[in-house]
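What follows is a short report on a single structure.
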Amino acid sequence: MSGADVIVVGAGHNGLVCACYLARAGLEVEVVEAAAEPGGCIATAELPDRRGRLELGAYEHGGIVGTGVAAELELEQRFGLDLHMREELVLAPSEDGSALAFWSSLERTVEGLAEVVGRDQAAAYERFAGWAQAVMALLRQSEAGPPPTLRELAAVADAGLGAQGARMVQTLLASSRAVTGAAFTDDRLRGVLDHWAARGLQPPDEPGSAAGALHLAAGHGGLAARPAGGSRATIDALVRCLEASGGRLRCGAAVERIVVEGSRATGVVAGGELRSARRAVVSAIDARRVFGRLVEPRHVPSRLRAELSHIHVGEHNASDLKVDAVVEGLPQLPGPAGFERALVVSPNGARDLSRSFAQIRLGELPDAPPLMIGFPSALEDGWAPPGRHVVWILAPVPWRLRAGGWTPAALERAADMVWAAAERRLGGPMPVVERSVLGPEDWRSRTGNETGNHNHLDMSLDQLLGNRPTPSLARYRTPVAALFLTGAGTHPGGGVTGAPGRNAAGAVLEELGIRRGSRGARLRARIALMRDAARAARALMRAT
């Protein structure tokens with residue numbers, strides 16, 4: 001039997017982030033991972049014979065910079081993470097040949113939008129962005145630590161925003177479709193904001209999805225970030241950070257059981273071997289798998305079993321289709337020069353986006369699939385042989401396909417449909433040299449997540465803030481002593497941010513008495529929240 005102070009289950013980026021914080025605090029930490037390599041939904045693959053490199057998983061990594069996790073763990077300064085920072089944020093092309101360009105500069109974005117959607121709509125976007133930045137400044141305070149309940153957030157909004165507080169809360173409860181429909185008349189402009197809200201595989205008409213639309217509009221002023229060499233570089237930097245602090249990573253060791261003695265987690269059985277956890281176990285996999293498969297039923301309180309039965313994933317039948325390819329060349333993209341460096345977000349319009357999710361719910365492939373497209377080879381050499389490029393495409397598709405299920409032939413047909421839509425939106429052909437296709441079942445096999453969902457569970461209104469993943473598990477602690485949760489299934493959810501990992505590490509350190517929560521710290525956090533509320537109130541008044 002071997003062991004450590006803390007065993008972390010799962011080497012996705014949140015599991016590694018959590019492990020790094022714990023190891024840097026002086027604990028002996030071991031991360032155990034079922035797969036042959038770390039990363040989870042972050043994966044960069046080298047093709048044999050120097051035929052190219054494919055980005056199989058997550059593409060943008062600006063979140064881990066924006067949360068401060070990259071700086072706190074010194075991933076750039078000490079551990080080799082090199083980021084391509086860029087001012088071109090998002091390009092939104094449509095099949096009519098037009099394209100909306102979103103820069104880091106709000107002023108530059110508004111000027112460009114005016115040429116495509118008209119000055120009135122561009123001015124409406126400027127007001128919307130100012131409002132979004134104010135609201136998101138307030139919401140981001142909730143990301144660094146245990147989440148508030150919706151009631152607590154509403155109380156802060158009422159106290160800090162006055163009359164505008166009710167407007168903010170109403171917006172957060174609303175659908176993206178309702179909020180963008182009230183702000184804009186241009187279907188293309190509404191579409192890109194609604195699509196950003198739907199990144200979590202939630203339809204844009206779902207209550208609570210409006211925060212996603214605000215998130216895109218609030219992004220002006222910051223830079224987009226991509227790791228040099230591919231997304232795997234973030235994982236490699238985290239592993240180096242872990243090992244530099246004495247931590248260990250063991251891959252190819254699937255956890256079969258979390259050992260509970262009395263009412264306390266004391267270790268795991270991984271790869272057929274008992275590994276003791278002297279002080280804590282942290283799971284980066286979702287709560288339903290933890291308490292439904294890894295913890296013996298007799299250790300799960302009946303109240304928690306009832307809560308777990310209400311967790312839902314794949315409620316809208318949506319999952320991911322991933323297409324990566326080496327191509328002979330790229331078309332001349334619509335829009336400003338240089339936006340092949342950006343993330344391309346192409347729903348083709350708000351009406352097409354809503355229809356696509358309606359078709360997905362029925363188990364049908366959408367006629368006009370919403371796409372996210374990236375060109376990693378446009379940022380640096382080495383992704384493909386000279387004269388060729390690499391294309392990254394992500395599209396939502398049904399988890400349960402009505403006509404015959406996800407056979408290999410069905411997967412190829414869906415990939416062909418997505419590829420044809422990408423060529424129409426981008427304005428020209430992309431002759432394929434070779435491609436890789438990962439469907440819903442592939443993502444479930446790779447990650448173990450139900451329906452292949454990269455967020456572990458639905459990012460729905462009833463599963464956010466103090467309800468994620470359930471009310472009694474929302475603070476990263478569990479009813480089993482010394483057992484903690486992290487990962488995309490905990491607050492604040494999915495995306496490459498590292499916030500769930502950092503927050504869970506804080507909960508562990510506080511529980512162990514290594515970093516104590518204090519009344520003063522809580523008071524300072526409350527003051528900061530109120531200060532941001534005051535700023536938000538002023539900005540909201542200007543945007544009204």
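Brief remarks follow.
- Approximating the spin labels as points 7 Å out from Cα along Cα→Cβ, the residue 276-to-residue 87 distance works out to 5.9 nm.
- Euclidean distance of C-alpha centroids, region 456-516 and region 304-370, integer Å: 27
- Which labelled figure in [x] 18; [y] 14; [z] 44 is percent of Cα pairs over 43 Å apart, once derived from the coordinates: [y]
- Here the chain carries DSSP beta bridges of which approximately 70% are antiparallel, counting only pairs with both residues inside.
- In range of the label at residue 364: residues from region 402-428 whose backbone nitrogen is under 13 Å from the point 7 Å along Cα→Cβ: 402-403
- Packing, as the average of other Cβ atoms within 10 Å across residues, places the peptides 401-407, 421-427 in the order 421-427, 401-407, highest first.
- Structural descriptor for the chain: relative contact order 25 percent, calculated from alpha carbon pairs under 8 angstrom and at least 6 residues apart.
- Where a label projected 7 Å from the Cα of residue 254 along Cα→Cβ would reach, residues of region 26-45 with amide N under 13 Å: 33-36
- In region 1-117, the portion of solvent-accessible area held by carbon and sulfur atoms comes to 45 percent [1.4 Å probe, whole percent, DNA, RNA and ligands not counted].
- Alpha-carbon centroids, region 238-269 and region 44-85: separation in whole Å: 24
- Burial order of peptide ranges 383-395, 294-306, 57-69, 342-354 (average beta-carbon count within 10 Å, highest first): 342-354, 57-69, 383-395, 294-306
- Average accessible surface area per residue within region 122-191, 1.4 Å rolling probe, Å²: 40
- Of the solvent-accessible surface of region 356-450, computed with a 1.4 Å probe and all protein chains present, 52% belongs to carbon and sulfur.
- Dividing the helix sum by the residues of the chain, where each DSSP H run of 4 or more adds -39500 (n - 2.57), gives a mean residue ellipticity at 222 nm of -11500 deg cm²/dmol.
- Extending 7 Å from the Cα toward the beta-carbon at both residue 173 and residue 120 defines two label points whose distance is 3.1 nm.
- For region 30-97, the relative contact order comes to 15 percent (Cα pairs under 8 Å, sequence separation of at least 6).
- Cα centroid of region 106-136 to Cα centroid of region 18-34, whole Å: 44
- Residue 264-residue 47 pseudo-label distance in nm [points 7 Å out on the Cα-to-Cβ vector]: 5.4
- Here the calculated FRET efficiency for residue 515 and residue 445, from their Cβ-Cβ distance with R0 = 51 Å, stands at 0.85, rounded to the nearest 0.05.
- Considering only Cα atoms, the convex hull volume of region 166-287 works out to 217 Å³ per residue.
The values are calculated or read from the model by the stated rules, or taken from the named source; none is laboratory data. Only a predicted model underlies this, so the values are computations on that prediction, with no experimental measurement involved. Virtual Cβ from ideal backbone geometry, glycine too; neighbours counted across all protein chains shown. We work out accessible area using only protein heavy atoms, side chains counted, and drop any ligands, DNA or RNA first. Shrake-Rupley method; radii C 1.70, N 1.55, O 1.52, S 1.80 Å.
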